[in-house]
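The values are calculated or read from the model by the stated rules, or taken from the named source; none is laboratory data. Given the structure is predicted, the values throughout are model-derived calculations rather than measurements. Here the Cβ positions follow ideal geometry from the backbone for every residue, glycine too, while neighbour counts run over all protein chains shown.
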């Protein structure tokens, strides 16, 4: 699949002559077939006048070049009546408004993609529309949903907006606000959980290591052994008895 803008200005090479016969100037669309009918060759190339290459004469379309078998594959438009009629219709896809069969405007076609194998249009890029307050920006629409490609509008099937593939940049402020609110709620819940677990952890720590600072200080009572008291009293009585007897003779 290649975007149409990528094909424009690609050089066209004839394989037999090995010459560049020009550049792609424009793409001719067959609206009924929803496909590329022909490529217009830039007259500034090999030819001096406008030439047309029917798409079924194209050998290949690559990233950098388009090939045809011979230079004779490019002809004047007057020699190709079917292509000439399409040129008169002036069907342009890019810049055309897209509406649904129910009358809902989806936006403007910004780009379309081509299956290079058969020239069929595969999808459209739509921008500038607004769908039910959610889509505002850019989205991709499958070509299967196209009903009519006209000169003024492209009509698509009813309800196809539900199948649009939205680009990230297409989410409007309402959706962004919803996402932001959800994120804030999730953040608050996470903070509440963290506080809850911290509170429980502190409570468990206090149970393992109780705080005794508020308990009254118990007085320390010194207990004196009864035997020590008795020995002290006997010593005092013995000293008193010796004092009453006085000193012995010859001794001071």
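Looking at the range 84-100 only, could you name the residues that are touching a strand residue (DSSP E or B) at 6+ places or on another chain (Cβ under 7 Å) and surrounded by 14 or more Cβ atoms within 10 Å (Cβ to Cβ)?
Scanning the range 84-100 gives 86, 87, 91, 93, 94, 96, 97, 98, 99, 100.
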Can residue 6 be described as under 41 Å from the mean Cα position of the chain (by Cα), assigned to a helix (DSSP H, G or I) and surrounded by fewer than 18 Cβ atoms within 10 Å (Cβ to Cβ)?
-> yes
Residues in the range 84-122 that are under 27 Å from residue 51 (Cβ atoms) and over 28 Å from the mean Cα position of the chain (by Cα): how many?
-> 16
Number of the condition not met by residue 17 [criteria: (1) surrounded by fewer than 19 Cβ atoms within 10 Å (Cβ to Cβ); (2) outside any loop (DSSP other than H, G, I, E, B); (3) not assigned by TED's automatic domain parsing to the domain that holds residue 127] | (2)
Among 10, 39, 2, 15, which is in contact (Cβ under 8 Å) with a residue 24 or more places away in the chain and closer than 16 Å to residue 77 by Cβ?
-> 39
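Please verify whether residue 28 is outside the structural domain of residue 126 (by TED's automatic domain parsing) and at pLDDT 95 or above, treating the condition exactly as stated.
Spelling it out, residue 28 is indeed outside the structural domain of residue 126 (by TED's automatic domain parsing) and at pLDDT 95 or above.
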Would you check if residue 27 is buried (at least 18 other Cβ atoms within 10 Å of the Cβ) and in contact with a strand residue (DSSP E or B) (Cβ under 6 Å, 6 or more places away or on another chain)?
-> yes
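Please count how many residues of the range 63-83 are surrounded by 12 or more Cβ atoms within 10 Å (Cβ to Cβ) and either in contact (Cβ under 8 Å) with a residue 40 or more places away in the chain or not assigned by TED's automatic domain parsing to the domain that holds residue 26 (or both).
Of the residues in that region, 11 qualify.
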Can we say residue 118 is exposed (fewer than 13 other Cβ atoms within 10 Å of the Cβ), at pLDDT 90 or above and outside the structural domain of residue 26 (by TED's automatic domain parsing)?
-> yes
